[in-house]
Protein chains: 2
Amino acid sequence: MTTDAPLSPTPRTTATRSRHRMHGGPGGRAALLQLLTEAPVAHLGVVVGDHPVVLPVAFAVDPEGPDEGGTLYVHASAAAGWLGAAAGATVCVTVTEVDGLVLARSGFHHSMNYRCAVVIGRARAVTEGRERAHALDLTVDHVVPGRAATLRAPTRRELAATALLAVPLAEASLKTRAGGPVDEPEDVAAGGWAGTVPLHRMVGEVEAATDAVAPVPDDVVAHVERLRARAGERAG
Amino acid sequence: MTTDAPLSPTPRTTATRSRHRMHGGPGGRAALLQLLTEAPVAHLGVVVGDHPVVLPVAFAVDPEGPDEGGTLYVHASAAAGWLGAAAGATVCVTVTEVDGLVLARSGFHHSMNYRCAVVIGRARAVTEGRERAHALDLTVDHVVPGRAATLRAPTRRELAATALLAVPLAEASLKTRAGGPVDEPEDVAAGGWAGTVPLHRMVGEVEAATDAVAPVPDDVVAHVERLRARAGERAG
């Protein structure tokens, strides 16, 4: 599956309202992968017993991964309490970035600008050695592209303490909102103010660990510049 | 229940690992409420049929609300497909703010700095008129404090199109990570770099709607200043 493949929303991942905010077609898949690349964390939903548990997780995507539609890898501690309930079960992985507060003239039309990807699929425990190593590298590179290649290999103990789940990207949807408020004509005529407060992720100064003697590596410098450029674009 | 009441984590909301990152006691409840006040969106998990659905939602908290431990209100469209599955069922509301990328000398010790609140409880549909009006005001004031009082009242049609769920704050946990990477002694001795990339939400320039003639209201100006001050504190 490439970035040119269309999204494949199903009833489970298709919004029952605001369908104009859903993205299909080739551009939809590229936008989905861009969001999944940019967002630092995902929220994983798992049914544990009779109720859902939603937790933030580190993740990465491999559009060419072995699962239908490509693979979304979720990273977890092997000691995580919800892990047993997730492997082999249908899970939901949701990735949301908030882009702004939309302040309308009525409470009803208040909204947010955002990008939200919802992926629903059967979670597969990643057990094969090469796929585990690949998924771990992708998870580190999701945080700072290129960084995995600069680090030592994980030890057996570290590998044993790490769990990886693979979720197919086949059943995925992207929903976004952008732009200003949409008000009732009578509220506009009444003359009140309305507008948008843009929000974006900003990067502070890199803080070296107190015991770090080496200079900040090139991959980290490059990524911070990339994050700042992205924030600049969002700030307008 | 006041902000001085301790958090009441149960096995469902207690981490099975990294317990040192869990917050209990009076300060824990204050920190929980602060996160729930600051974060723009929550992720709501609902079991729909045999699988979980996780979606970003607008929300607000009333520490003095009628539910045990206070009330977390979730705002939704009455047309939302998952709503029927949520009312009366146990749901999970998770609120996460990412504060930084933690870049260790090994892939294994890579992490994030974050604050994460998890609330699990039985969702109650809010049907009584005064509580609905109160919850709607809180939801608008969650976006911009004080704004609800400056807007007209919702119409009958708008009220009919809006659904509100109440979730007790009784069963809530807060987990946070802050600070630099924790590396293996042999990796520190090897001399590689490690550090933290701080992240925070930043506010762009307020964009007035194209049809807005009134000046930006005081409550919006004050809130943008508040958000900028908070971002400045996080940037250090």
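The values are calculated or read from the model by the stated rules, or taken from the named source; none is laboratory data. In this text, all values refer to a predicted model and were calculated from it rather than measured experimentally. Backbone-built Cβ (ideal geometry, glycine too); neighbour counts: all protein chains shown. What goes into the accessible areas is simple: the full protein's heavy atoms, side chains included, and nothing from ligands, DNA or RNA. Shrake-Rupley method; radii C 1.70, N 1.55, O 1.52, S 1.80 Å.
Mean per-residue shielding of peptide A:61-71 is 0, counting Cβ atoms of other chains within 10 Å of each Cβ. Each copy carries A:Glu128; placing its label point 7 Å along the C-beta direction from Cα gives inter-copy distances of 5.9 nm, listed from smallest up.
Across the identical copies, the label point of B:Ala160 (7 Å from Cα in the Cβ direction) is separated from its matches by 6.4 nm, in order from shortest. Ranked by the mean number of other Cβ atoms within 10 Å of their residues, highest first, the peptides B:202-208, B:216-222 fall in the order B:202-208, B:216-222.
Taken residue by residue and averaged, Cβ atoms of other chains lying within 10 Å of the Cβ of A:104-115 number 6.
Where a ≥ b ≥ c are the square roots of the eigenvalues of the C-alpha gyration tensor, would you call the stretch B:56-102 rounded, which needs a/c under 1.5, or, failing that, prolate if a/b is larger than b/c, or oblate?
In terms of gyration-tensor shape, oblate.
A point 7 Å from Cα along Cα→Cβ stands in for B:Gly88, and the other copies hold the same point at 3.2 nm, listed in rising order. So if I take the centroid of the Cα atoms in the stretch A:172-232 and the same for the stretch B:120-152, what is the distance between those two points in Å? Comparing the Cα centres of the stretch A:172-232 and the stretch B:120-152, I get a distance of 27 Å.
Between A:Met112 and A:Val102, the built amide H atoms are under 5 Å apart, and every one of these is 5 or more places off in sequence or on another chain. Around the amide H of B:His51, modelled in the peptide plane, lies no amide H under 5 Å away from a residue 5 or more places distant or on another chain.
In the elastic network of chain B, a GNM with C-alpha springs shorter than 10 Å, the most mobile of B:Asp137, B:Asp187, B:Asp50 is B:Asp50. Counts of other chain beta carbons within 10 angstrom of each beta carbon in peptide B:165-178 average 0.
How much net charge surrounds B:Leu165 when only other residues with a Cβ under 14 Å from its Cβ are counted (Lys, Arg +1; Asp, Glu -1)? Summing Lys/Arg as +1 and Asp/Glu as -1 gives -1.
Taking all Cα pairs closer than 8 Å and separated by 6 or more residues, the relative contact order of chain A comes to 24 percent.
Average projection, convex hull of the Cα set of the stretch A:19-199: 12.7 square nanometres.
Share of the stretch A:19-199's accessible area from carbon and sulfur, percent, 1.4 Å? The computed percentage sits at 57.
The calculated P(r) of the protein assembly as shown, using every Cα pair and 10 Å bins from 0, goes 4, 20, 31, 28, 13, 3, 0 in percent.
Mean separation of Cα pairs under 8 Å and 6 or more residues apart, divided by the residue count, gives the stretch A:33-112 a relative contact order of 29 percent. A crude spin-label estimate for the pair B:Glu233 and A:Asp211, with each label 7 Å from Cα along the Cβ direction, gives 3.1 nm. Near A:Pro217: Cβ cut-off under 15 Å, other residues only, Lys/Arg at +1 and Asp/Glu at -1. The net charge is -3.
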